[in-house]
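The values are calculated or read from the model by the stated rules, or taken from the named source; none is laboratory data. In this text the structure is predicted, and so the values were computed from the model without any measurement. Cβ coordinates were reconstructed from backbone atoms using ideal geometry, including for glycine residues, and neighbour counts include every protein chain displayed. Side chains included, ligands, DNA and RNA excluded: accessible areas come from the protein's heavy atoms. Shrake-Rupley method; radii C 1.70, N 1.55, O 1.52, S 1.80 Å.
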Amino acid sequence: MKIAGKIKLALVFTMALFFGSQAQAQETNYDQGFRLGFGANVGYATNDPYKLALGGDIRGQYDLSKVYSLTLTTGFTNLFVSKADGADLGFIPAKAGFKAFVWNNQFYVMGEAGAAFAVTNGYNKTSLLLSPTIGYATKYVDVSLHYEHYNDFARVNNDGSAGNGVGQVGVRLAYGFKL
């Protein structure tokens, strides 16, 4: 399935969950509201020439119910090259997502999609960004494991040729609070 098909499928799934959560939210009398979180990210890039990923982010969250939330995330991430002769890639991610708590209102799954805007070392490219996440959240602390894929950023293939598509596996530790 091509990327466009996957995005359409994810959008249909998100909309179905959104409309399903609206019915539930009206039944539970849950006090809907906004949350804000500040996070630090560290990761391992899955494609050469990059190895280490470091970043920080700000996430806004709107709770539709005790189980479902909408998110907007931005910040800064830097992918460090593994060799001294390459240039690091720094970018600003802008993502929208859907979070669903699946166990004890603390463990969640989340999907985000958006764009990554390259801003350092002469890179002048914008990439599609897709990110599935699993995590654990309390009233103030959020710890998650995520994978991020940057569809249009250049990589080096195993045979030495150039290609597109860089990924990273990362951990996010965040402090959040209700607004």
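Here the gap between A154 and S82, fully extended at 0.36 nm per residue and compared with their Cα-Cα distance, gives a gain of 24.5 nm. Please give the Cα centre distance for the stretch 43-117 versus the stretch 162-179, rounded to the nearest Å. Between the Cα centres of the stretch 43-117 and the stretch 162-179 lies a distance of 3 Å.
Its Cα centre serving as origin, the stretch 62-129 has a Cβ charge dipole (Lys and Arg +1, Asp and Glu -1) of approximately 120 debye.
Each of V143 and V109 was given a label point 7 Å from its Cα along the Cα-to-Cβ line. The distance between the two points is 2.2 nm. Taking packing as the residue-averaged number of other Cβ atoms within 10 angstrom, the listed peptides 71-80, 113-122 run from highest to lowest as 71-80, 113-122. Accessible area per residue for the stretch 102-167 is 55 Å², calculated with a 1.4 Å probe on protein heavy atoms, without ligands, DNA or RNA. The Kirkwood hydrodynamic radius of the stretch 113-157, based on inverse pair distances between different Cα atoms, is 12.6 Å.
Converting the Cα gyration tensor eigenvalues of the stretch 52-145 into ellipsoid dimensions via √(5λ) gives semi-axes, longest first, of 30, 14, 10 Å.
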